[in-house]
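The values are calculated or read from the model by the stated rules, or taken from the named source; none is laboratory data. Every value quoted in this text rests on a predicted model; they were computed, and no experiment measured them. With ideal geometry, Cβ positions are generated from the backbone for all residues, glycine too; neighbour counts draw on all protein chains shown.
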Amino acid sequence: METTTDQRHLRTMHPRLRELLFTTRRFLKNPLSVIGLSLVVIFGIIALLAPVLEPPKYPDPYRIPHTGFRIQPSPPSAEHPLGTMQQQYDMLYGLVWGARSAFRIGVVVVVANLLIGIVLGLLAGYFGGALDEVIMRVTDIFFAIPFLVMAMALVVAIGRGLKAVIAVLIILGWPSYTRVLRSDILVTRNKDFIMAARASGASHIRIMFTHVLPNAMYSVLILASLNIGNTILTAAALSFLGLGSETGTADWGQIVSLCRNWIVGTPTDRFAYWYVVFIPGFVIALFVLGWNLMGDAVRDIFDPRMRRR
Amino acid sequence: MSLFSYIVRRLLLMVLVLVGVSLVVFAMMMLLPPGQRVAIYVNSDRITPAMMDAMIAKYHLNDPAPMQYARWITNIFRGEFGYSITASAPVLDGFKRFFPVSLELVLVAAPLIILTGVLLGSLGAVRKDTPVDHFTRVLAIVGFSLPTFWLGLLLLMVFYGFAGIFPPSQLSNDVRNIVFGGNFHRYTTLVTLDGILNWKWPVVWDSVYRMILPSLNLTILNSALIMRLMRSSMLESLGQDYMMTARAKGADRRTLIRRHARRNALLPVVTISGITFAQLMSEMVITETIFDRKGIGWWMAQAALQLDVSAIMFDVLFLGTVYVVVNLLVDLIYAWVDPRVRLS
């Protein structure tokens, strides 16, 4: 009895709302996507509560406090729950505030890439012709540029630091979004409802933003959700190579880089410093895994071949 | 469109893309003021600003950008790529020294990556929705999420730091002495192959031994994509009518999977394998830095960190060329293997 009222209710809903409800239900049925979502939510809470969890000791909260200059890391203790890195930087503090840096990098870069991708993809796919040709050849060129090498050189050229890393990831990251959106728009553009809108005298801008884009942007949104994890990995790699923030900044890649010299323990205990090598990288991996599990689930849900089975 | 005109068109497009790549790299390097572009060649604090200006004038770094670009391109066609400080040699010599080290690792790692991806991917598809399938899917997502540098460090910590096996760097000192000590002919410049040709087994053993960990690192990180693609492509081909036909004709399960399903499912994997191969070269940046192998990835990292402009520009052009050529080859192979793909 309940299901029939439920279904009737569904039928009277706005189609986009119904779609959203359907998506959420499928999303929550999949254990992997729930794990992914929980990971991201936990990291989100940690990032939001950073000032409460680890009150900053300097005016700049992203500077990790350190007690002394002893080179050897020290193992977890009551004072430092996750131990300290070299020069006694507190690991937990770095990881908690590093979560904020990670969210900032991932979200800023992906949103900016998405916006560039949408504008260029829309122009290329909707108008076609010479404009399309030019935009697509430029994306071809950017695809052929080796990403990591160019990113490194460009960060050094702009001036090292997290802001430079973000800027460079934006400059080099947009082509895949443009390409994906354009191909979806080419399909949507010739649908009957677009012809109808055109025949009824709608302007190009109106057709582009109210008719074409909403019906063509699923793939590019999925791409964006899959790319957040990847973006954070690349940013961490750049930091690891010494291009990101200064030593002692709460930034995950930077923390791993600070700990890379401790893979060999002491003669008596060969795993003496395992915690400095293991913990920060594990945190990055968990964060990225969370985003990837979520993105993967979203992709499966929207894949027309997998739908409504 | 005939095959010939297709290839001609693609070659023209390729040249266009490469010219574009050179323009973009050049423009990005021009963001640096002339002083910073010569800075790496100067390593003494006794250099006065006047001497710097003299150097800038000598290399015409204050000329209008189009002129500098034209000079760079003409030099490239003459085979002159400038001097690389990070290689302490002319760029081309540096390339000849570093490239074989990376190529060797790619030649070991690429087959491992493709094999792992294809086998685990098709296993997942055949056993769809069983624990095996779930396990391989989770494995792929986890492999996707691991930071390259962290996995490398962990492998080194466990194997080298704890167990004392699989040390980093390309060759041990003793073997290095054999290789660079005369009486060792560099026929192919690939150390392992040269070791076989020179009948020096310690060289072969040492070189292969030290490639195990880096190629394991590359395999874990890169087979995920192929694994997932293979799974979905295999699922698709398992559902095709010809599978039903083959089953009706009495083919056993083994033949069905190996001869009919897997062979057809391999097609999309060809594309992604080509791209993986091209991208491995830039993946080398981190893997070689961590495992201390002085290959092209290590060189690129050094060049970028120290702003060795001539090396950066050469490397980007080289990797761009590899990418475009591999893409063309992949498309041609694709059209050759699958007659349904029309060249367009």
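For this structure, a couple of remarks:
- Residue B:298 being more than 30 Å from residue A:257 (Cβ to Cβ) and either among the acidic types (Asp, Glu) or modelled with pLDDT of 85 or more (or both): no
- First in segment B:103-124 and within 20 Å of residue B:264 (Cβ to Cβ), second anywhere and part of a helix (DSSP H, G or I) and of a type in the set (Val, Ile, Thr), Cβ under 6 Å, 6 or more apart: B:117/B:226; B:120/B:136; B:124/B:136
- Residues in segment A:21-73 that are loosely packed, with under 14 Cβ neighbours inside 10 Å and within 14 Å of chain B (Cβ to nearest Cβ): A:31 alone.
- Of the residues making up segment B:11-57, just one is buried (at least 16 other Cβ atoms within 10 Å of the Cβ) and basic (Lys, Arg), namely B:37.
- Positions within segment A:116-138 being under 21 Å from the mean Cα position of the chain (by Cα) and either closer than 12 Å to residue A:176 by Cα or within 14 Å of chain B (Cβ to nearest Cβ) (or both), in sequence order: A:116, A:117, A:118, A:120, A:121
- Segment A:188-236 - residue that is in a loop (DSSP other than H, G, I, E, B) and surrounded by fewer than 18 Cβ atoms within 10 Å (Cβ to Cβ) and, of those, nearest to the other protein chains (Cβ to nearest Cβ): A:190
- Helices (runs of 4 or more DSSP H) contained in segment A:35-147 and holding at least 2 residues not hydrophobic (A, V, I, L, M, F, W, C): A:91-127, A:129-144
- For segment A:100-126, the set of residues classified as farther than 30 Å from residue A:61 by Cα and in contact (Cβ under 8 Å) with a residue 24 or more places away in the chain consists of A:116, A:117, A:118, A:120, A:121, A:122, A:124, A:125, A:126, listed by residue number.
- Complete set of residues in segment A:260-281 that are hydrophobic (A, V, I, L, M, F, W, C), in a helix (DSSP H, G or I) and facing chain B (nearest Cβ under 8 Å): A:274, A:277, A:278
Yes/no matrix, rows are residues, columns are (1) closer than 30 Å to residue A:226 by Cα; (2) free of Cβ contacts under 8 Å to residues at least 40 places away in the same chain; (3) charged (D, E, K, R):
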{"position": "B:176", "(1), (2), (3)": "no, yes, yes"}
{"position": "B:185", "(1), (2), (3)": "no, yes, no"}
{"position": "B:194", "(1), (2), (3)": "no, yes, yes"}
{"position": "B:228", "(1), (2), (3)": "yes, no, yes"}
{"position": "B:231", "(1), (2), (3)": "yes, no, yes"}
{"position": "B:242", "(1), (2), (3)": "no, yes, no"}
{"position": "B:255", "(1), (2), (3)": "no, yes, no"}
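- Considered as a group, the residues in segment B:1-57 that are of a type in the set (A, V, I, L, M, F, W, C) and outside any helix (DSSP H, G or I) include one that is farthest from residue B:309 (Cα to Cα), and that residue is B:1.
- Per-region count, segment B:1-35, residues farther than 30 Å from residue A:157 by Cβ and in contact (Cβ under 8 Å) with a residue 60 or more places away in the chain: 6
- Any hit, segment A:263-282, residues being free of Cβ contacts under 8 Å to residues at least 24 places away in the same chain, crowded, with 22+ Cβ neighbours inside 10 Å and out of contact with any strand residue (DSSP E or B) (no Cβ under 7 Å at 6 or more places or on another chain): yes
- Condition met for residue A:239 (assigned to a helix (DSSP H, G or I), under 19 Å from residue A:97 (Cα atoms) and over 15 Å from the mean Cα position of the chain (by Cα)): yes
- Looking across segment B:149-199, the residues that are assigned to a loop (DSSP other than H, G, I, E, B), away from chain A (no Cβ under 14 Å) and over 25 Å from the mean Cα position of the chain (by Cα) come down to B:181, B:182, B:183, B:184, B:185, B:198, B:199.
- Checking residue A:286 against (1) away from chain B (no Cβ under 12 Å); (2) within 19 Å of residue A:47 (Cα to Cα); (3) of a type in the set (A, V, I, L, M); (4) surrounded by fewer than 22 Cβ atoms within 10 Å (Cβ to Cβ), the condition it does not meet: (1)
- Candidate set: segment B:275-326, residues that are hydroxyl-bearing (Ser, Thr, Tyr) and closer than 25 Å to residue B:171 by Cα; chosen: the one nearest to the other protein chains (Cβ to nearest Cβ): B:282
- Check on residue B:143, at pLDDT 90 or above, part of a helix (DSSP H, G or I) and either surrounded by fewer than 16 Cβ atoms within 10 Å (Cβ to Cβ) or not aliphatic (A, V, I, L, M) (or both): no
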